[in-house]
Amino acid sequence: MEVPPNQTLYINNLNEKVKKEELKKSLYAIFSQFGPILDIVAVKSLKMRGQAFVVFQDISSATTALRSMQGFPFYDKPMRITYCKSKSDAVAKLDGTYVERKKKAEEEAVPTKKAKQHAAAASGHTPMQTAPSHSGGGKEGPNKILFVTNLPEETNEMMLRVLFQQFPGFREVRLVPGRSDIAFVEYETEIQVSVFLCLVTV
């Protein structure tokens, strides 16, 4: 049975090697573009490894995020995203229905069809790699966000802006606090990302 839309997204197939705090910061960096985030929950217990919950302030933001980021190659693994089966504590506190309960493991949502992962090597000027997201809904086209990895240690936001704004449609660069080797680069449309990948792919 299909889970009805709600403010909380359940994400699995996450890279289990990524530390909890880094994972939460990275999830915030890519999901905050869709709307206000109330909470991000990531537990490193054996049962909950590779999973996280992102709680938005409203359902429309959660729905847009789910459709846009489904299959996004996040730390070399495509994210699987569904709506959470139950209301999060953050949402319950917001609407006044929160009742304190014993700590328990979150139910695992039914995963959606695994999206095909894409990876593209960037130009020879830097050793970085870029990977597009999928647009969701069964489509195979890339999303408008690039996940850039393997950046040199001395990389900063200005350097990335200079590099990526050479291509049409550049919007912004988002860095992950505490990590200099990864970044997210956003363009205005999926087509412009496709053009970028065609130009830089070896």
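The values are calculated or read from the model by the stated rules, or taken from the named source; none is laboratory data. In this text, all values refer to a predicted model and were calculated from it rather than measured experimentally. Ideal geometry is used to build each Cβ from the backbone, glycine not excepted, and the neighbour counts take in all protein chains shown. Only protein heavy atoms, including side chains, enter the accessible area calculation; ligands, DNA and RNA are left aside. Shrake-Rupley method; radii C 1.70, N 1.55, O 1.52, S 1.80 Å.
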Restricting attention to segment 53-72, which residues are of a type in the set (A, V, I, L, M) and surrounded by fewer than 21 Cβ atoms within 10 Å (Cβ to Cβ)? Ile59
Pair list, Cβ under 6 Å, 6 or more apart: segment 52-70 residue aromatic (Phe, Trp, Tyr), other residue in a helix (DSSP H, G or I): Phe56/Ala62
Determine if segment 62-71 includes at least one residue that is modelled with pLDDT of 90 or more, part of a helix (DSSP H, G or I), over 15 Å from the mean Cα position of the chain (by Cα) and within 19 Å of Glu2 (Cα to Cα). no
Taking interchain pairs and intrachain pairs at least six residues apart, which have beta carbon atoms under 7 angstrom, with the first residue in segment 174-186 and touching a residue at least 40 places away in the same chain (Cβ under 8 Å) and under 13 Å from Tyr75 (Cβ atoms) and the second open to solvent by less than 60 Å² (accessible area, probe 1.4 Å) and of a type in the set (Phe, Trp, Tyr)? Phe184/Phe147
Would it be correct to say that Glu16 is over 21 Å from Glu172 (Cβ atoms) and part of a helix (DSSP H, G or I)? no
Could you tell me whether Ile11 is open to solvent by 30 Å² or more (accessible area, probe 1.4 Å), under 25 Å from Ser180 (Cα atoms) and at pLDDT 90 or above? no
Limited to segment 14-52, what total is found for residues that are hydrophobic (A, V, I, L, M, F, W, C) and open to solvent by 50 Å² or more (accessible area, probe 1.4 Å)? 4
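Residue-wise test of (1) over 24 Å from Lys144 (Cβ atoms); (2) at pLDDT 90 or above; (3) among the β-branched types (Val, Ile, Thr); (4) out of contact with any Cys (no Cβ under 9 Å at 6 or more places or on another chain).
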residue	(1), (2), (3), (4)
Val3	yes, no, yes, no
Leu38	yes, yes, no, yes
Arg49	yes, no, no, yes
Phe53	yes, yes, no, no
Ser60	no, yes, no, yes
Of all residues in segment 69-83, count the ones that are under 18 Å from Lys17 (Cβ atoms) and in contact with a Gly (Cβ under 7 Å, 6 or more places away or on another chain). 2
Yes or no: Val176 among the β-branched types (Val, Ile, Thr) and either modelled with pLDDT of 85 or more or open to solvent by less than 70 Å² (accessible area, probe 1.4 Å) (or both)? yes
Of the residues Ser123, Ser133, which single one is in contact with a helix residue (DSSP H, G or I) (Cβ under 9 Å, 6 or more places away or on another chain), more than 30 Å from Lys44 (Cβ to Cβ) and either of a type in the set (Ser, Thr, Tyr) or modelled with pLDDT of 55 or more (or both)? Ser123
